[in-house]
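The values are calculated or read from the model by the stated rules, or taken from the named source; none is laboratory data. Keep in mind the model is a prediction, meaning the values are calculated, not measured. Cβ coordinates were reconstructed from backbone atoms using ideal geometry, including for glycine residues, and neighbour counts include every protein chain displayed. Calculation scope for accessible area: heavy atoms of the full protein, side chains included, ligands and nucleic acids excluded. Shrake-Rupley method; radii C 1.70, N 1.55, O 1.52, S 1.80 Å.
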Amino acid sequence: KIISSEVRNCAKRRNVSGYFGEKLRNKDNIEKQKNRKINYMKIKFLKVLFTIFIFSNLSFGQSKTPYLINNELFELPGKWKHIGKIENSAQWGFANKKLELTLLINVRKPEIFEFYNKEMTELEFLNKFYAWETEFWKKDDGNIEIEKIETNETDKYIIWRLKIIDKNIESFIFSGIRNSKLIGLSLTDDNKKEPKSRAEKIEFLKNIYFKK
């Protein structure tokens, strides 16, 4: 049977068209697979990021309790309750039931202290205050333990430990100069069975003072 040249050319065009159509379909399928893979990776990345965000908030505490004392802001991690004020030392008391911690905060002007001298540098005043404060406690020497833990001349603070032996009360104290004011933080761990470590207490005080 004789096939005309026009029929043969039509067949060739159909074959060529079919070949390129298949190529285009394959290319389209490959692109779709790539896009699916990219979308999957994006979703996976977002899930991981969301998980890290949630974990961070749960681990480090997403809420803080702010207190303004003599125009100085303190942000305490977690939920704290104001439990009173010690008038003679101008200390404000706060308690965290969940953490089993008690925190005393005071903010005072250097000028109110009997040993203050306007010629003093802030660091000199801080060292004088530490000596004055510890001398007061040492009057009951047989019942008191005092330890200077850290002195930072650049950031102008002293961290020290005070223990009243017969009452088994131990406090970690942060004394620092900030905004030309003497700031005192005194932390007591009320959990006697599983108290926080020494390093944890020191870090806790630093985080509050430096607003971390």
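Among the residues of the stretch 94-116, those identified as closer than 17 Å to SER186 by Cβ and open to solvent by less than 70 Å² (accessible area, probe 1.4 Å) are PHE94, ALA95, ASN96, LEU99, LEU101, THR102, LEU103, LEU104, ILE105, ASN106, VAL107, ARG108.
Within the stretch 175-192, is there a residue that is closer than 29 Å to LYS81 by Cα, free of Cβ contacts under 8 Å to residues at least 40 places away in the same chain, surrounded by 15 or more Cβ atoms within 10 Å (Cβ to Cβ) and touching a strand residue (DSSP E or B) at 6+ places or on another chain (Cβ under 9 Å)? No: zero hits.
Among the residues making up the stretch 148-172, those that are of a type in the set (D, E, K, R) and surrounded by 11 or more Cβ atoms within 10 Å (Cβ to Cβ) are LYS148, GLU150, ASP155, LYS156, ARG161, LYS163, GLU170.
Taken over the stretch 123-144, residues that are of a type in the set (D, E, K, R), modelled with pLDDT of 95 or more and open to solvent by 70 Å² or more (accessible area, probe 1.4 Å) amount to 3. In the set (1) among the acidic types (Asp, Glu); (2) at pLDDT 95 or above; (3) surrounded by 11 or more Cβ atoms within 10 Å (Cβ to Cβ), GLU119 fails one condition alone, (3). The residue of the stretch 83-93 that is surrounded by the most Cβ atoms within 10 Å (Cβ to Cβ), among those that are aliphatic (A, V, I, L, M) and within 15 Å of ASN70 (Cβ to Cβ), is ALA90. Please list, ordered by first then second residue, the pairs with beta carbon atoms under 7 Å, 6 or more apart or interchain, first in the stretch 99-115 and in contact (Cβ under 8 Å) with a residue 12 or more places away in the chain and on the phi > 0 side of the Ramachandran plot, second surrounded by 16 or more Cβ atoms within 10 Å (Cβ to Cβ) and outside any loop (DSSP other than H, G, I, E, B). Short answer, once both residue conditions are applied: GLU100/ASP189.
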